[in-house]
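Reading through the structure tokens given below for one structure.
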Amino acid sequence: MKFGGEQRVFYNNFWQPYFPNGDFSFAQRVTAQQPYSADTTQGNSFASLLLGYGDSGGIAIQPAVADLSRETGFYFEDDWRMTSKLTVNLGLRYEWSTPYTERFNQVQFSDFYGDSGITVPGIPGSLKGVTEFASPGHRHLTVDRNNVAPRLGIAYALDSKTVIRTGAGVYYGMSVATNFQYAGPAFAADSPIFFTLDGFQTQYATLENPFLPVSAARRGKSTASWPNGAIGITTIRGPKPHVTPRSISGISGFSGCCRRIPSSASITRRTAALTSPGAGIRAHATGILLPQRPAGSTPATSLARW
């Protein structure tokens, strides 16, 4: 009888400035006689650059994150020698992924069944779907705890020189919520540049003074102070969905035949396949050379620790 377990802790401290010098786009249409014309012969993007008249641009703030997640698993296995020729190996593995947490709780989740409190004429009840933010008592998504993975292995000795082995098991992939290197979208901020307010009829912002004040009435957004002292527009990004983790399960099996030869080695022909729902056979291998098993030992196949 064998049993054991493991836990892997994954730390991810990540920060990558998002266009730290700003992002500027100079489109061909800016210098066209009719900016929204379908005529591709009008305008020149390089001319727009020389004029300092851009199409779009801005600068963004992406906070650093300190993420932590865990992978935990336990297994049990045992060999049963049913007859002098037949040995059966049974095993069971139980595992789960603990979705990542962020040191300062800069994480947000989507509850697609939460009550938004918003009603729309013609639709009964309120709309479903809300965004939740991490808190000391709710720092990560729900843990998927139903990952029970049985294993089965069979070894049969045809004679003193030939053994046939086969086995199968259920396997689970890592949770999609094990790691993410960015903070929640609500913790990032954008300050776009408005080169025009009237469809490129006249220029508003310039490269020398890109963050000009824009009233909320004209842009439909709130104004805020930019770190360099100029007045710009701060846009809080909308939430992106974070889905409750569901491990992707598959069934893996193998079979093979091993025969002893005089050169104190055994040539094994093994075929293995990994199958997942909708994916079919993913991989196979044949012709594996294995060392000879000591005389008198029990032929067995161990799968639970895989």
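Read-outs throughout are calculated quantities, based only on the coordinates presented, and are distinct from any laboratory measurement. As the structure is a prediction and not an experimental result, all values here were calculated from the model. All Cβ positions, glycine included, derive from the backbone under ideal geometry; neighbour counts span all protein chains shown.
Can you give the FRET efficiency for K2 and H138, using 1/(1 + (r/R0)^6), R0 = 41 Å, r = Cβ-Cβ distance, to the nearest 0.05? Don't skip to the end; give the middle numbers.
Numbers: r = 38 Å, r/R0 = 0.92.
Once the sixth-power term is evaluated, E becomes 0.60.
So for D78, D198, fewest C-beta neighbours within 10 Å to most, what's the order?
D198, D78
Neighbouring Cβ atoms within 10 Å as the yardstick, rank Y113, Y75, Y204 fewest first.
Y113, Y204, Y75
For the modelled label position 7 Å from the Cα of I61 along Cα-to-Cβ, which residues of segment 5-28 have backbone nitrogen atoms closer than 19 Å?
Under cut-off, by backbone N: 14-23.
Set the Förster radius R0 to 51 Å, insert the Cβ-Cβ distance between W15 and S160 as r into 1/(1 + (r/R0)^6), and round the FRET efficiency to 0.05. It would help to have the intermediate numbers written out before the result.
On the way: r = 64 Å, r/R0 = 1.25.
The pair W15/S160 has a calculated efficiency of 0.20.
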